[in-house]
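Report on the following structure.
The values are calculated or read from the model by the stated rules, or taken from the named source; none is laboratory data. The structure presented is a predicted model; accordingly, all values stated were derived computationally and were not measured. Cβ atoms come from the backbone with ideal geometry, glycine included; neighbour counts cover every protein chain shown. Side chains included, ligands, DNA and RNA excluded: accessible areas come from the protein's heavy atoms. Shrake-Rupley method; radii C 1.70, N 1.55, O 1.52, S 1.80 Å.
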Amino acid sequence: METIELKINGRKRTLHCLPNATLVEVLRDQLHLTGTHIGCDTTQCGACTIHVDGDAVKACTVLAVRSDGSEITTIEGLAENEASHPMQKAFKACHGLQCGFCTPGMIMSAVDLVNKGCAVDPAAIREGLSGNICRCTGYQNIVAAVLQGASEMQEQSS
Amino acid sequence: MELKQQLVIPRAVEAVWQALNDPEMLQHSLPGCQHFEQTGDNAYDMTVSAKIGPVKATFNGAIALQNLNPPFSYEISGEGKGGVAGFAKGGAKVSLKAVTESGEPATQLSYSVEAAVGGKIAQVGGRLIQGAARKMAQDFFTQFVRRLCDDETIELVIETIETP
Amino acid sequence: MSGSLIGKSVLRKEDHRFVSGKGRYTDDIQLVGLTYAAFVRSPYARADIKSFDVSDALAAPGVIAVLTGEEVAKDGLGGLPCGWMIHSKDGSEMRQPHHPVLAADRVNYLGEPVALVIADTQLEAKNAAELVMVDFEPLTAVVNPATASQAETLYEAVPNNLCYEWELGDEAATEAGLAAAAHVTTLKLTNNRLIPNAIEPRAALAEYNSGTDEIILHTTSQNPHLVRLIMTAFVQIAPEHKLRVIAPDVGGGFGSKIFIYSEETALAWAAKKLGLTIKWTADRSESFLTDAHGRDHVSEAQLALSADGEFLALKVKTVANMGAYLSTFASAVPTYLYGTLLAGQYRTPAIYVEVDSVFTNTAPVDAYRGAGRPEATYLVERIVEKAAAEMGLDPAELRRRNFIGRDQFPYQTPVALEYDTGDYEASLHKALKMADYNTFSARQAEAEARGKLRGIGLSCYIEACGLAPSQVAGALGAGVGLWESGEVRVNPTGSVTVLTGSHSHGQGHETTFAQLVADRLGLPIEDVEVVHGDTGKLDFGLGTYGSRSLAVGGSALSVAADKVVEKGRKIAAHLLRTDVDNIDFDAPVFKMIDSNESKTFQEIAFAAYVNHDYPSEELEPGLAEKAFYDPLNFTYPAGTHICEVEIDPDTGVVEIIQFVAVDDFGTIINPMIVEGQVHGGLAQGIGQALLEQAVYDDTGQLITGSYMDYCMPRADNFPDFKVGMTCTPCTHNPVGAKGCGEAGAIGSPPAVMNAITQALGGIEIDMPATSEKVWRAVQTMPALKTA
C-alpha cells in the first residue's frame, strides 16, 4: 500500500492505495465520488474526466500515486459553494444531456475548454470535445450548452 | 497475418543450420524469452513476454520443429496462451540457400510466417500485429546473426518478399 | 390549467442529479459485504471445452468461489430463452439452440462466458480469472452470414444453420408485377453490423438475504420486470416473488439493455447459491464482445415500375445474422419489425419478402435502435432513389407519385400493417424547403468548380412503433403481451406519485410523464414525481423499447389519470352533497355544475384519505388508480430526411454539409426532449452510414473490439442538424403520440448513402462509407479518369 495526499474538492485527504490503483478507482471506490464514471478502458471515451491541478485529465489512465500532492476537482466539487456551476446550469438549460452517464466528464472537459480559451465557436467546441463520447445527444445540444456556459463563465469572471 | 522476408547471413549454410537448431541460440535471440526448455526431439516449451499495441502479455507455449531437411529447411509451429490476453499461434517455414557475399560463403535465409491471434490481443491490438511481427522478426534475426558472427555491430538488412 | 403543459419544452426534472454527479448507476452502488465477480470468457469463436481446472484460481488471494458452466448444468438452470416464436414458410417452428448461462462443453462465440470468479476485490477477481484453466479445443468457426447455410453445421438440431426461413406477402402477385414492369431496378446491399455502445457498460449487483430468501438484483436494464420474469420462469433461479429487480439510473440502452444476458443471471444465481452480495461491471472490451450487436443483413431486392414510375411490386430476399444464440427478441427483428415495413410510405400493391436467419459463431444479434425498421428503410429508400436515377426522374417526384395520399388512411399495406394516419407529402414538402432542394444544382456546380463532389439524398421513412397491440403481437408469435401499466397515486397532501412500467435511461420520462399527468390534473409539475425501474414498487411493466414509452406507457398514465378524476368527482359529489353528474373537473378544481361550490384537487386528495363519513359501500377510501393500456394498433411515425454531402476526391473524406429531418411524431408533449431524441438517433444513423462497423475476421475474432478500432461518432463528425416537425396525431391512443426515439436512426442512413451515391455518379458502396471506400470509388469514376 502506498500513502498519498490529495486535495479533493477543497478538502485534504490522506489515502492508502495499491501502487497500481488508478485515480478513478480511488475516487470511486475509496472516496465514493461516483460522479466520475468509467466508460471504456482505452482512454477514449472521456467519461472519467476530472481536473488535476487545473487541467482536464482522464482519470482512468492516471495512477493514483502519480497524483500525490495534487489538487483535484471532480464533478461533485465543481460548483464550489453554489448550487450549480454555470456550465452545469447551461447543460440543464440547453438539454445537453440524456442518460447522464457521459455528462460529468463532458462538463469537466467543457469547463477546461473555456478556461483555456478554446471554446470560442461551435467548430472549436466540437473539436475540443472530440475526446468525449456521448451516445445519446448527437452532440448538438452539448455544443449549445458549452457556448452558453462559456458566456456565463466569462460574465461571472468579469 | 502473413509475412515473407529474406536476409543474407555472412556464414556458410551448415553453420547457420546448426545455430538454428541450437536451443541456447534460439532462446537468446528470441526477444522477451524468459524460459526455454527442451521437452523432446525438436520440441521446446517456452515462456515469452510480448507487447502488441497496448496489450502486454506473457505467453506460455510450446514449439516444435518439423519437416527437417538438413541443412536446408525446416518448419516451426507453435502455440502460446497468454491468459486473458488471448492466444497466438502460427508457423514459419525457414529455408537456407548457399550464396556468396564478397567472395565468402554466405547463406540466404528466407522465411514465411503465418500467425493468428485471438482474444484480447486481436480485439485491441489486431491492426498492430503485422508491425509487431515484423519487429519481432527483425529483433530475433539481429540477435541471431550478431551472436552467430560474434559481432554486436552488425546492422541487419531484411528484405520483405511479399506482403498481403 | 389543463393543456398548459402539453407541447412545452419544460426543462428536465432529472437533470440536476446528473449534472452534479449524483446520478446513481448500478456500478455506483456500494453495499456492506460487497464481493466482486469477473467472468472467464472464451478466446475462441468456437471450441469444445475439454476440462476446467479451477484449483489455481481458488488458491489465489481473496478468492471466495469459482463457478463454471459445469455447476450451472448441475444446478439445472434453464437456458436464456428467445421470447418471439417465428414460423418458417413450411409452418415449422424456428430452431432455438440451448443458450446456457455459462457454457459447459462448447463455446459458440468469442467472449462467451464459461466461468465466474468471485473475490473480495475487483482486482483479485480479475487476477484469479486468469488462473482458471479451461482446456479449449478450437473448432472451425462459421462467421460469414451470407454463406452460413452452406457451412459446417453448428448445432445438431439446426440443419444448415438456419433458424428459420420466413416469408411475408404475395409471391405470385409480386412475380406478376415484376413480369409486367416497364422497368425493374435491382439492388444488392449489406446492412453493416453495429455494436450499440451505450456509454455505461452493462453491470449487475446481486444481494441475497438468507433470512427472507429474497434476491435483490440491481442491473442495467430497460425492462426490469422482464428480467425477473425470465430469470424466474425460464432460468428458474428463484420464485418470482423472491426476486426483486431494480434498474436504477441506466446510462443509455439503445436496445442492448432490453435483453437478458448471462452475466446478471449468473450473478443472481451465485448470490443465492453462495449467500453473497456480488457486483460485476463490464469493461468496455466485454461490452464489445457480449452486448447484443445490431443489424447485419445481406439483401437483394427488385423494384418493378410502370413506364411512368408507378411502383408495381417489390421483391426482397434477405439473410439475417442471428449470431451464436437467439437473444431475447432476436427472431422478431428481421421478420415482423422488418418485412412488415417494406411498403414504406408507398402504395406498392404487391410485396414479397423472404428472410433466412442464420446462426454464426459471432455475438448474438438483436434489436438496436430501430431494430428491423432501419434495415427495411435502408433497402426501400436506396432502391427507390436508384430507380429514380435509372429512369431519369427527380427522386422527390418519384416518391410523390407513389405516396399513400393523406386521404387514403387508414391504409392496409400488402405486408400486414394498417397505417392509421399520416401526411407524407407534408413532411417531404417541408424538408425540401428547409434543405433548399430546388437550388441544389447551383451548390453542386459551385462545389465542382472547387474540385469537390456534392450529392443530395432523400429518405422518406416509416416505422411501426408503440409496441404493441398484444393480440397482434401474440398472433405473430410474441411470448408476452405488449401492453403497459401505469399508476397515478395521489398522496394525501395532493402531490402525486406516478408509477410507470416504462423505463427511462435517457429519454426523460421523469419530465414528460410528469408533464402529462400534471397537465391532466392541473398540478404544478414539481408536485408530480415519476417512479420507474423497480419490480418492488410497480405491479408489472414491459419496459422501454420500440419507441413505445409515451404511446403505450403514457397512454396508460393518461387512462389512470382519467380514473383519478372520475374517483375525485365521486369524492367531490359526496363532500358537496350532490350527484356525480353534477360535478365537473376543471383542472385542478372539482366544481358543481349548478352552483358556485367547488373543491380543489388538494381538498379532494386529503378527503380521500382522512374523511370519516364515506358511504363505504359506494366509495372506497384512497385516491390511487392503475391502468393497463393495450394499444389497438402500432403507431406509425414517418418523415423525410435529406442529407447533402461534399466529397473531397483526393482524400475520400465525406463531409455532411447539411442534414434536414422533418418528422411526424403525432402529438408532442415536450418538443425539447423530442428534438434531443431526433439528434441522438441521427448521430447513430449517420454513424452507421459513415463510421461504424463491427468486423470479425475469418476465425471469428472481433477485430473492432475497442474505441481505437470501432469508430464512434464524435462531436466533430457532424454539423448542427436542422429539425422540423409535422403533426398528424395518432388516431387510436389517448395521447395522440406516435413515438420518436428511433426515427433518427431509421431515416438517416439511406439519406446519407443516397447523397454519397449521387456524388459518386451512381457508384454504389456499402456502409460505412469510410474515406478509403469512397476514395477507391472515386478512382473508378469516368469523369475523373478523363480529367
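Note on surface exposure: C:VAL250, B:VAL113 rank B:VAL113, C:VAL250 by accessible area, highest first, 1.4 Å probe. Under the convention that each Lys and Arg Cβ holds +1 and each Asp and Glu Cβ holds -1, the size of the dipole of the stretch C:483-629 around its Cα centre is about 300 debye. Across chain B, the longest run free of exposed loop sites, meaning GluC sites (Glu not before Pro) lying outside DSSP classes H, G, I, E and B with no more than 15 other Cβ atoms within 10 Å, spans B:1-151. Annotation: the stretch C:159-202 has a Kirkwood hydrodynamic radius of 15.4 angstrom, from the mean reciprocal C-alpha pair distance.
For the stretch C:528-633, the fraction of C-alpha pairs more than 25 angstrom apart is 33%.
A 1.4 Å probe over all protein chains sorts B:THR58, B:THR142 by accessible area into B:THR58, B:THR142, starting with the largest. Summing charges over all other residues whose Cβ lies under 11 Å from the Cβ of C:ARG284, with Lys and Arg as +1 and Asp and Glu as -1, gives -4. Taking a point 7 Å out from the Cα of B:CYS149 in the direction of its Cβ, the residues of the stretch B:1-36 whose backbone N falls within less than 12 Å of it are B:8-12.
Over the stretch C:333-388, what number does the Rg to Rh ratio reach, with both radii from the alpha-carbon atoms and Rh per Kirkwood? Dividing the radius of gyration by the Kirkwood radius yields 1.02.
Based on C-alpha pairs under 8 angstrom that are at least 6 apart in sequence, the stretch A:2-77 has a relative contact order of 41 percent.
Note on C:GLU597: accessible area is roughly 100 Å² with a 1.4 Å probe, heavy atoms of protein only.
Using bins of 10 Å that start at zero, the share of Cα-Cα pairs per bin across chain A amounts to 12, 42, 33, 12, 1, in whole %. Only Lys, Arg, Asp and Glu carry charge here, each on its Cβ (+1 for the first two, -1 for the last two); on that basis the stretch A:2-77 has a dipole of about 140 debye about its Cα centre. In summary, the convex hull built on the alpha carbon positions of the stretch C:356-428 has an orientation-averaged projected area of 7.2 nm². When the alpha carbon gyration tensor of the stretch C:71-215 is reduced to an equivalent ellipsoid, the three semi-axes, largest first, read 43, 19, 19 Å. So, R0 is 25 Å and r is the distance between the beta-carbons of B:ASP41 and C:ASP56; what FRET efficiency does that work out to, to 0.05? Rounded to the nearest 0.05, the efficiency is 0.25.
Hey, for a label at A:GLU71 modelled as a point 7 Å past Cα toward Cβ, could you say which residues of the stretch A:121-158 have their backbone N under 19 Å away? What the label zone holds, given the 19 Å backbone N cut-off, is A:157-158. Summarising the label geometry, the points placed 7 Å from Cα in the beta-carbon direction at C:VAL531 and B:LEU156 lie 7.1 nm from one another. Placing unit charges on each Cβ (+1 for Lys and Arg, -1 for Asp and Glu) gives chain C a dipole about its Cα centre, and among C:ALA247, C:ALA694, C:ILE216 the Cα reaching farthest toward its positive end belongs to C:ALA694. Spread over its residues, the convex hull of the C-alpha atoms of the stretch C:240-322 is 196 Å³ per residue.
Only helical runs count toward this figure. For chain C, summing -39,500 (n - 2.57) over DSSP H runs of n ≥ 4 and dividing by all residues gives -8000 deg cm²/dmol at 222 nm.
Entry note, the stretch A:86-157: relative contact order of 50 percent, from Cα contacts under 8 Å with a spacing of 6+ residues. Sequence-ordered 3J(HN,Hα) estimates for the stretch B:134-144 from the Karplus curve with 6.51, -1.76 and 1.60 and θ = phi - 60° stand at 4, 5, 5, 5, 4, 5, 4, 6, 4, 4, 4 Hz, glycine and proline given as x. Spherically averaged projected area of the convex hull of Cα atoms, the stretch A:2-77: 4.3 nm². A full extension of the chain between C:ARG401 and C:ASP766 corresponds to an added length of 128.6 nm, given 0.36 nm per residue minus the alpha carbon distance. Residues A:HIS51, C:HIS16 ordered from highest to lowest accessible area at a 1.4 Å probe: C:HIS16, A:HIS51. In the frame of its principal axes, the stretch C:55-120 has Cα extents of 57, 24, 19 Å, reported largest first.
Give me the log10 of I(q) over I(0) for the stretch B:2-162 at q = 0.18 Å⁻¹, as the Debye formula computes it from C-alpha points; what are the numbers? Calculated log10 I(q)/I(0) at the listed q: -1.16.
Based on the alpha-carbon gyration tensor of the stretch C:298-427 and its eigenvalue square roots a ≥ b ≥ c, which shape applies: rounded if a/c is under 1.5, prolate if not and a/b is larger than b/c, or oblate? Prolate, because a/c is 1.5 or more and a/b exceeds b/c. The value of relative contact order for the stretch C:221-337, using C-alpha pairs under 8 Å at least six residues apart, is 19 percent.
Placing unit charges on the Cβ atoms of the charged side chains and taking the dipole of chain C about its Cα centre, the candidate lying farthest along the positive direction among C:ALA769, C:GLN150, C:TYR44 is C:ALA769.
Relative intensity of the stretch C:593-709 on a log10 scale, I(q)/I(0) at q = 0.10, 0.16 Å⁻¹, equals -0.69, -1.05, per a Debye sum over C-alpha point scatterers of equal strength in the absence of solvent. Spin-label model, B:LYS97 to C:GLU175: label points 7 Å out along the Cα-to-beta-carbon direction sit 6.1 nm apart. Computed about the Cα centre, the dipole magnitude for the protein assembly as shown is approximately 920 debye when only Lys and Arg (+1) and Asp and Glu (-1) carry charge, each at its Cβ. Its Kirkwood hydrodynamic radius, worked out from the mean inverse distance over all distinct Cα pairs, puts the stretch C:643-787 at 16.9 Å. Placing one identical point scatterer on every Cα of the stretch A:86-157 and ignoring solvent, what is log10 I(q)/I(0) from the Debye formula at q = 0.23 Å⁻¹? One equal scatterer on each Cα of the stretch A:86-157 leads to -0.93.
Taking label points 7 Å from Cα along the Cα-to-Cβ direction, C:ARG577 and C:MET85 give a separation of 6.2 nm. Note that the protein assembly as shown carries a Kirkwood radius of 31.6 Å, evaluated over its alpha carbons pair by pair.
With the alpha-carbon atoms of chain C aligned to their principal axes, the span from lowest to highest coordinate is 93, 76, 51 Å, starting with the largest. Can you tell me how the stretch C:669-721 classifies by the Cα gyration tensor, rounded, prolate or oblate, using a/c under 1.5 as the rounded cut? Prolate, since a/c reaches 1.5 and a/b exceeds b/c.
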